[in-house]
1. Kindly evaluate residue 4 against the criterion of being surrounded by 10 or more Cβ atoms within 10 Å (Cβ to Cβ) and either more than 19 Å from the chain's Cα centre (by Cα) or modelled with pLDDT of 80 or more (or both).
2. How many of the residues in region 81-92 are surrounded by 13 or more Cβ atoms within 10 Å (Cβ to Cβ) and farther than 18 Å from residue 127 by Cβ?
3. Name the single residue that is farthest from residue 97 (Cα to Cα) among those in region 69-82 being modelled with pLDDT of 90 or more and touching a strand residue (DSSP E or B) at 6+ places or on another chain (Cβ under 7 Å).
4. Suppose we filter region 65-88 for residues that are touching a residue at least 24 places away in the same chain (Cβ under 8 Å), outside any helix (DSSP H, G or I) and more than 16 Å from the chain's Cα centre (by Cα); how many remain?
5. So which residues in region 44-59 are assigned to a strand (DSSP E or B) and surrounded by 13 or more Cβ atoms within 10 Å (Cβ to Cβ), if there are any at all?
6. Output the residue which, of all residues in region 60-71 that are surrounded by 13 or more Cβ atoms within 10 Å (Cβ to Cβ) and in contact with a helix residue (DSSP H, G or I) (Cβ under 9 Å, 6 or more places away or on another chain), is nearest to residue 46 (Cα to Cα).
7. Looking at (1) over 19 Å from residue 128 (Cβ atoms); (2) part of a loop (DSSP other than H, G, I, E, B); (3) in contact with a strand residue (DSSP E or B) (Cβ under 8 Å, 6 or more places away or on another chain); (4) modelled with pLDDT of 80 or more, which is the only condition residue 105 fails?
């Protein structure tokens, strides 16, 4: 008597299921990834009723509650602000300075930063957050 050996049939891989798994993996990684935010210092901006959108051809100076200073992405000593701003202005055709100071920073500290920038010929902008829902709030965006 002759035996027939039966090999199990290989079923094809279900491609629709693989596409679903791939799609779910893409969604998972998109949701769990971190998005780059401008998080230099832990500051709370003061509130304002008006705002204006500006182009990004500027230098940003951050000042936190402790008096620490950051110019764009670099931490600096407050005494070095004049030299660092001169260097930033010479790198490109930039003459705008946005000052993002915490609302708890002493007024004199912000005035000092403004004086240094103004002596170098900069156009100064003070950053503030618009109070949401305020009846007089106006934004510079159309």
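The values are calculated or read from the model by the stated rules, or taken from the named source; none is laboratory data. Keep in mind the model is a prediction, meaning the values are calculated, not measured. Cβ atoms come from the backbone with ideal geometry, glycine included; neighbour counts cover every protein chain shown.
1. no
2. 3
3. If we take residues in region 69-82 being modelled with pLDDT of 90 or more and touching a strand residue (DSSP E or B) at 6+ places or on another chain (Cβ under 7 Å), then 76 is farthest from residue 97 (Cα to Cα).
4. 4
5. Passing the criteria: 47, 48, 59.
6. For region 60-71, the residue satisfying everything is 63.
7. Answer for residue 105: the failing condition is (1).
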